[in-house]
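The values are calculated or read from the model by the stated rules, or taken from the named source; none is laboratory data. As the structure is a computational prediction, the values presented were derived from the model and not from experiment. Virtual Cβ from ideal backbone geometry, glycine too; neighbours counted across all protein chains shown.
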Amino acid sequence: MKSMASIRTLFPRQCVLLTLASAIAIPALAQQPQSAADPQNTPPAAVQQQPSPEASSLNAPKEGFWGRVNPFARKKWVKKQVDPLNDRLSELDQVNAKNARDIQDVDGRAQAGIRRAQSTADGANQTATEAGARAQNANGLAQGAAGRVDRLNSTVSGLDKYNQISEVEVAFRSGQPVLSPAARKQLDDLAASLTGHQGYILEIEAHSPHAGSVGIQDSERLADAVKRYLVTQHEIPVYRLHSVALGNAQAATAGDEITKPARTSGVHVRLMENSLAAQGAAPPHGEASLTGAERP
């Protein structure tokens, strides 16, 4: 009984001792790692180069047991890893779409500007072409007007210019105003040569061997005989016949210093053609009646 009582008294004491020993050992063990990691016992470079395990554990991603790639990872974890990439890709798609729209807008404006410029250039080219055509037309009209003015000047300057085409000397016997067959033949040939001629006149100079008024009267009768024959037999207009009775006087010619009196009775007929008719140019409409050089 005494032993049992002693055992009972010793057991609580042992428990108290064990408790005290554990209380003393735990702080001692806690101080050992702190002293090992004390910065005073380690150099500064080592402290800066070796990060603390707690910081590395906080910064390191939680990769799990399988490391970086976990074939058994959950969808939530995969979605959490992929969502930032999807957001970045969506942002890039939006930027690309905006750039494409901007490029299309710029291209559309450029094409519209090119079309407007081309339309303006085409309009200017058409206007220049029309202006060139009008200028050419005006130049043609001016040249035509200048040509007509030149022809008119030539017509005006050639109205009183006549050139001799042919001449006939009709002889009379003893001053009698009677045409012989030879004289008629000469006048017939002269009238036949008038075919196709325009703007012509016939100059008739009558001569007589008599002097004074007697010679003038005789030469007038001879000129009248020739004119009468041409008008009645060949229908030559009277306005184309221009006669003069000279008596025994001779018409002055260029280069003759002294004219001799006529010794025979005769009529000298000259066919004179206007220079316009010789050039093949008809006078302007309405001017023939004014000048008398061209009539039907």
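Within segment 205-222, residues that are in contact (Cβ under 8 Å) with a residue 40 or more places away in the chain reach partners that are assigned to a strand (DSSP E or B) and of a type in the set (D, E, K, R) with beta carbons closer than 9 Å, at six or more positions or on different chains, in the pairs GLU205/ARG270; SER219/GLU205. If only residues of segment 194-218 that are of a type in the set (S, T, N, Q) and modelled with pLDDT under 90 are counted, the one that is farthest from the chain's Cα centre (by Cα) is SER213. Would you say LEU190 is in a helix (DSSP H, G or I), modelled with pLDDT of 90 or more, closer than 23 Å to SER275 by Cβ and hydrophobic (A, V, I, L, M, F, W, C)? Spelling it out, LEU190 is indeed in a helix (DSSP H, G or I), modelled with pLDDT of 90 or more, closer than 23 Å to SER275 by Cβ and hydrophobic (A, V, I, L, M, F, W, C). Considering segment 202-240 alone, what residues qualify as being assigned to a strand (DSSP E or B) and crowded, with 18+ Cβ neighbours inside 10 Å? Within segment 202-240, LEU202, ILE204, GLU205, ALA206, HIS207 meet the criteria.
Might you let me know whether segment 174-196 holds any residue that is closer than 15 Å to ALA262 by Cβ and in contact (Cβ under 8 Å) with a residue 24 or more places away in the chain? First the steps, then the outcome.
Of segment 174-196, the ones closer than 15 Å to ALA262 by Cβ are 174-175.
Narrowing further to those that are in contact (Cβ under 8 Å) with a residue 24 or more places away in the chain: 174-175.
Among the residues of segment 174-196, at least one is closer than 15 Å to ALA262 by Cβ and in contact (Cβ under 8 Å) with a residue 24 or more places away in the chain, which makes the answer yes.
When you check TRP66 against the structure, is it assigned to a helix (DSSP H, G or I), among the hydrophobic types (A, V, I, L, M, F, W, C) and modelled with pLDDT under 90, yes or no?
Values: assigned to a helix (DSSP H, G or I): no; among the hydrophobic types (A, V, I, L, M, F, W, C): yes; modelled with pLDDT under 90: yes.
For TRP66, the condition - assigned to a helix (DSSP H, G or I), among the hydrophobic types (A, V, I, L, M, F, W, C) and modelled with pLDDT under 90 - is not met.
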